[in-house]
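A short worksheet on the structure shown next.
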Amino acid sequence: MTDIRSLYPEELKTVLAEMGEKPFRADQLFSWLHAKKAASYDEMTNLSLTLRQKLAEKYPLSNLEAVDCLISKLDDTRKYLFRLADGNVIESVRMKYSYGNSVCISTQAGCAMGCTFCASAIGGKIRDLTAGEMLRQVYTIEKLTGERVSNVVMMGTGEPLDNYDNSVRFIRLISHEKGLNISQRNITLSTCGLVPRIYDLAKEKLAITLAISLHAADNEKRKKLMPVAKSFSVPELIAAAKDYFKETGRRVSFEYSLAKGENDSDEDARALGELLAGFPCHVNLIPINPVKERHFVRSGHEQTVNFQNKLEKYGINGTIRREMGIDIDGACGQLRRAFYESGS
Ligand code: SAH
């Protein structure tokens, strides 16, 4: 069944034309679904009752039910556990920054990528989310908090480039001037490195930031952390990142989660420095979040700063990610894991 929230305005025109409606109704419907974040057709009072009934029958609106919400007492980070219409659950997180509110969305229920340090990999992939389900995470959080969201990061559960069409739709819809109108410059898509899809994404000419989860500069080391590295090597990945920059003019970010004794040595920093030297990019250093099913231990602060300093010698701008909501932590994806483990 088509998720009507995933449709572009032109596609809504076709849907409505088939119901014998004039094109301007599509603008009204789009505005209700996106700018006004309507949860039901009943709210759409400028559409006739007959049309609303027809739409409800053919394109039922599904909403997200918040089954849990953890709120940080330190910085008001809010971690939501949402139930989808089919009963699967996903996580979304709202973070407050000086520049505005940022929401981290999930793009799939579960994930097929199998990164060894990640909680989302544990149960495998269940299914792709529709663009509408991604949008709804942002809309629902705006409604629940009563606060505007200015930034979106596609860094929750799932691999956005393994759900390519829906992820691109999501970006175009959330940045649509007649929808929530979040600037594409304020959207980050994070990928574990599906190289062919990075080339495709560059051609979409979106103004978003591409973040690449690298975690190791050495190919053999990366293979041990991220199975995707068996399909696409580090040099292939960097070539794709360079193409992305060339095509879009947008600086690529690299994520590097530091795990003690795994990828945080001086040698690791040197390998990363040599790999990225001369490429205008940004490196986000993230102390790894221990996942209880995994053996990884986070690098200490001193080691992290040392790693950052070593990178600087290669002219690479690395920042240590400020951690949000540490009192409600447990790595990303663990609220969802706990839900499944408790057999709810
Ligand atoms: N699949 C995408 C987006 C989701 S993961 C990707 O791989 O980029 C978002 C980020 O969190 C990635 O950089 C991922 O490698 C990182 N991550 C996952 N588990 C983590 C953990 N336990 N500690 C620190 N970072 C983690």
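What follows is calculated from the coordinates using simple rules that are stated; it is not laboratory data. Fair warning: this is a prediction, and the values are worked out from it, not measured in the lab. Positions of Cβ are backbone-derived with ideal geometry, glycine not excepted, and every protein chain shown enters the neighbour counts.
Here is how the numbers come out for the structure above:
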quantity	calculated
Average Cα contact separation per residue, the chain, under 8 Å, 6 or more apart, as relative contact order %	15 percent
Exposed GluC sites (Glu not before Pro) absent: longest stretch of the chain, with sites in DSSP loops and at most 16 other Cβ within 10 Å deemed exposed	1-146
Ascending count of other beta-carbon atoms within 10 Å, so fewest first, for Thr50, Thr14, Thr157	Thr50, Thr14, Thr157
Whichever lysines have a C-alpha closer than 16 Å to that of Lys36, once near sequence neighbours (fewer than 8 apart) are set aside	Lys143, Lys178
Isolated Cys residues of the chain, judged by Cβ distance under 4.7 Å to other cysteines	Cys69, Cys104, Cys111, Cys192, Cys281, Cys332
Relative pair counts by distance (%), Cα atoms of the stretch 88-157, 5 Å bins	4, 17, 27, 21, 15, 11, 5, 0
C-alpha long axis of helix 9-18 to longest principal axis of the chain, angle in °	30 degrees
Over the stretch 4-58, relative contact order from alpha-carbon pairs under 8 Å, at least 6 apart, %	24 percent
Projected-area mean, the chain, by convex hull of Cα positions, square nanometres	17.4 nm²
Kirkwood Rh, angstrom, the stretch 1-136 [1 / mean 1/r, Cα pairs]	17.0 Å
Cα-based convex hull, the stretch 4-58, per residue volume (Å³, whole number)	73 Å³
All lysines inside 20 Å of Lys242 as judged from Cα atoms, apart from same-chain residues fewer than 8 positions distant	Lys203, Lys205
Above-threshold pairs, the threshold being 30 Å between Cα atoms, out of Lys37/Lys96; Lys13/Lys96; Lys73/Lys310; Lys22/Lys58; Lys224/Lys313; Lys79/Lys310	Lys13/Lys96; Lys73/Lys310; Lys79/Lys310
Relative frequency of Cα-Cα separations exceeding 12 Å in the stretch 40-90, percent	70 percent
Backbone HN-Hα couplings from phi across the stretch 47-58 [Karplus 6.51/-1.76/1.60, Hz, Gly and Pro as x]	9, 5, 4, 5, 5, 4, 5, 4, 5, 4, 6, 7
Which of Ser175, Ser150 has the fewest Cβ neighbours within 10 Å, and the rest in rising order	Ser150, Ser175
Whole-number D in µm²/s for the stretch 223-285 (Stokes-Einstein; Kirkwood sum over Cα pairs; 4 °C, 1.567 mPa s)	101 µm²/s
